[in-house]
Amino acid sequence: MSTADAVEPATSDVATQDAAAQDPPPPATTVAERVAAPATLPPVTAGGLAWRGARREDAPVILATLNALAAADNDPFRWSLAEIEERLAASYRDLDNDYLLGFEGPGEGALRAFAEVDVSPGDATVARAILLGGVHPDRRGEGIGRELLAWQIARGRQKLAASALADAHVPAWFVVHMEDDGPKTLARTYERAGFVVRRYYSDLRRDLSVPVPPASTPDGTLRLVPWTPELDEPLRLARNDAFRDHWGSQPRTRETWAEYRTAFMPAWTFMVVDDAPDVDALLASPDTDDETAAALRAGEPLVVAYQIASKYVEDFEVRGFTFGYSDNVGVRRAYRGRGLAPVVMTAGMRAMADDGMQYAALDVDTANPTGAVGLYAALGYEKQHGSRMLLIEL
């Protein structure tokens, strides 16, 4: 599965302006004041399970539990062991305190409930606690899920109050995701806890047996290139610029950028590089962020458009077809309106088809106001599933 879908809003979207001028004014109080972090966490007593934090060696049992949840809920994805191992290895995740695992039976028997609370160190304009987890289908209906969610929210309050944004006057969110046709009992649990639907996403696919339309060649000093390790840091900077004005998106630090790469496909990932950018104009622009400015002064390559792709083999059987997945598509704000998104997308689609994939797939924010949905439709993408993001906004 795409773990980015689970933890980062609005991926796989052509980054376009989301009318920042329409955003509400900054909150009058700080994040720490609004979250009101509790001194202690509520116990989870329902079901008689034995609870503890996570360990890196728990990856296989966590994998089995999360995939049991996905199968029971008819989710169109499955997790991989590498994805779980990657999450547990991240230095900024506190395995003892940000995870809660519930086991049944004498000693440590079967894992029957799992919870994770994730606060990204890169968040800059929104303080987010992203919640992941659930109860094994064999133990549902016992009240475990409600208590587990209450624990997650309380732990999220503690995490946000201790985060780099604790003293900032920025929005604070608790975030969960679910499929549109997910269990009604899960939706009711979220609703009772105070979550409301804030964003909808469409899961699209494009039949690669249909010829991919030609895309115009970048003009002037622009050049289409495949991913290389040397361009990975310029790619990160391009992604942060492209999504800086996109609703809910937050910058990716070098550490968080290194995550979600277990299924990464360099051969399907394409970029447009400007070999001779107008450095003076870019440095004079208020839209140029500090990291990009430093890279320009150092003469580093400037990625101006990109498509990042992955191959989620675990999802093939669930969906009934093979596919290449566009995790993220974007164009730097100074280079929009030049038709660069179709250039990188069609290059990626051709590479997927050449490798025998039946479809190209991606997710799009249905509320995107400036053309992403239309672009994908023009390229032949059709909706398969839908999902939603639910928030408690403080």
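Work out the length of the dipole vector of segment 209-357 about its Cα centre, built from +1 on the beta-carbon of each Lys and Arg and -1 on the beta-carbon of each Asp and Glu, and round it to the nearest 20 debye. Kindly include the intermediate steps, with their values, before the conclusion.
Values: 15 positive and 23 negative charges, 69 e Å.
In debye, rounded to 20, segment 209-357 gives about 340.
Please give the calculated 222 nm ellipticity per residue for the chain, where each DSSP H segment of at least 4 residues contributes -39500 (n - 2.57) and the sum is spread over every residue; nearest 500 deg cm²/dmol?
Working: 13 runs with 116 residues, N = 394.
My calculation for the chain gives -8500 deg cm²/dmol from helical runs alone.
For segment 370-394 and segment 227-271, what is the centre-to-centre distance using only Cα atoms, to the nearest Å?
20 Å
What shape does segment 31-133 take by its C-alpha gyration tensor, where a ≥ b ≥ c are the square roots of the eigenvalues and a/c under 1.5 counts as rounded, a/b above b/c as prolate, and the rest as oblate?
Numbers: a/c = 1.76, a/b = 1.28, b/c = 1.37.
Verdict is oblate for segment 31-133.
With an 8 Å cut-off on Cα pairs and a minimum separation of 6 or more residues, tell me the relative contact order of the chain in percent. Please list the in-between numbers first.
Working: 764 pairs, mean separation 103.7, N = 394.
About 26 percent, as a whole number.
Rounding to the nearest 20 debye, state how big the charge dipole of the chain is about its Cα centre with +1 on each Lys and Arg Cβ and -1 on each Asp and Glu Cβ.
Working: 39 positive and 58 negative charges, 153 e Å.
Charge dipole, the chain, about its Cα centre: 740 debye, nearest 20.
Tally Lys/Arg at +1 and Asp/Glu at -1 over every other residue whose Cβ is under 14 Å from the Cβ of GLY47; what's the total? The partial results should precede the final answer.
Details: positive: ARG112, ARG139, ARG140, ARG146; negative: GLU104, ASP138, GLU142, GLU147.
Net of charged neighbours comes to 0.
Where the centre of each part is set by its Cα atoms, how far does segment 147-176 sit from segment 65-103, in angstrom?
Cα centroid of segment 147-176 versus Cα centroid of segment 65-103: 20 Å apart.
For segment 280-394, what are the per-bin percents of Cα-Cα distances with bins 5 Å wide, up to the bin holding the maximum?
With a bin width of 5 Å, the distribution comes to 2, 9, 16, 18, 16, 14, 12, 8, 4, 1, 0.
For the chain, with equal point scatterers placed on the C-alpha atoms only and solvent neglected, what are the log10 I(q)/I(0) values from the Debye formula at q = 0.08, 0.14 1/Å, to two decimals?
The Debye formula, applied to the Cα set alone, gives -0.43, -1.29.
Enumerate the lysines that LYS184 could reach by cross-link, defined here as Cα to Cα under 27 Å, with residues fewer than 8 away along the same chain left out.
Straight-line reach from LYS184, under 27 Å: LYS383.
Just want the answer: with Cβ charges of +1 for Lys and Arg and -1 for Asp and Glu, which residue in TRP173, LEU224, SER209 is farthest toward the dipole's positive end in segment 135-229?
The listed residue farthest towards the positive side: TRP173.
GNM on the chain, C-alpha springs below 10 Å: top fluctuator among VAL117, VAL303, VAL196?
Comparing VAL117, VAL303, VAL196 in a Gaussian network model of the chain, the most mobile one is VAL196.
Please list 327-340, 170-183 highest first by mean number of surrounding beta-carbon atoms within 10 Å per residue. Walk me through the numbers on the way to the answer.
Values: 327-340: 21.3, 170-183: 19.6.
With the highest mean Cβ count within 10 Å placed first, the list reads 327-340, 170-183.
Find out how many positive minus negative residues lie around ALA360, taking Lys and Arg as positive, Asp and Glu as negative, among other residues whose Cβ is under 13 Å from that of ALA360.
On the way: positive: ARG205, ARG206, LYS311, ARG319, ARG350; negative: ASP203, ASP207, ASP327, ASP354, ASP355, ASP363, GLU382.
Around ALA360, the surrounding residues sum to -2.
With N denoting the number of residues in segment 98-154, provide Rg(C-alpha) divided by 2.2 N^0.38 Å, to two decimal places. Could the numbers behind the result be given before it?
Working: Rg = 13.6 Å, N = 57, 2.2 N^0.38 = 10.2 Å.
Rounded to two decimals, the normalised Rg is 1.33.
If you place +1 on the Cβ of every Lys and Arg, -1 on the Cβ of every Asp and Glu, and leave all else neutral, what size is the dipole of segment 120-216 about its Cα centre, to the nearest 20 Debye? All intermediate terms of the calculation are to be shown ahead of the outcome.
Numbers: 14 positive and 11 negative charges, 45 e Å.
In total the dipole reaches around 220 debye.
Can you bin every Cα-Cα distance in segment 202-292 into 10 Å intervals starting at zero and give me the percent of pairs per bin, rounded to whole numbers?
Reading upward from the zero bin: 12, 35, 38, 13, 1.
All of the numbers you see were taken from the coordinates with simple rules; none came from a lab. As the structure is a prediction and not an experimental result, all values here were calculated from the model. Counting neighbours? That spans all protein chains shown, and the Cβs are built from the backbone with ideal geometry, glycine included.
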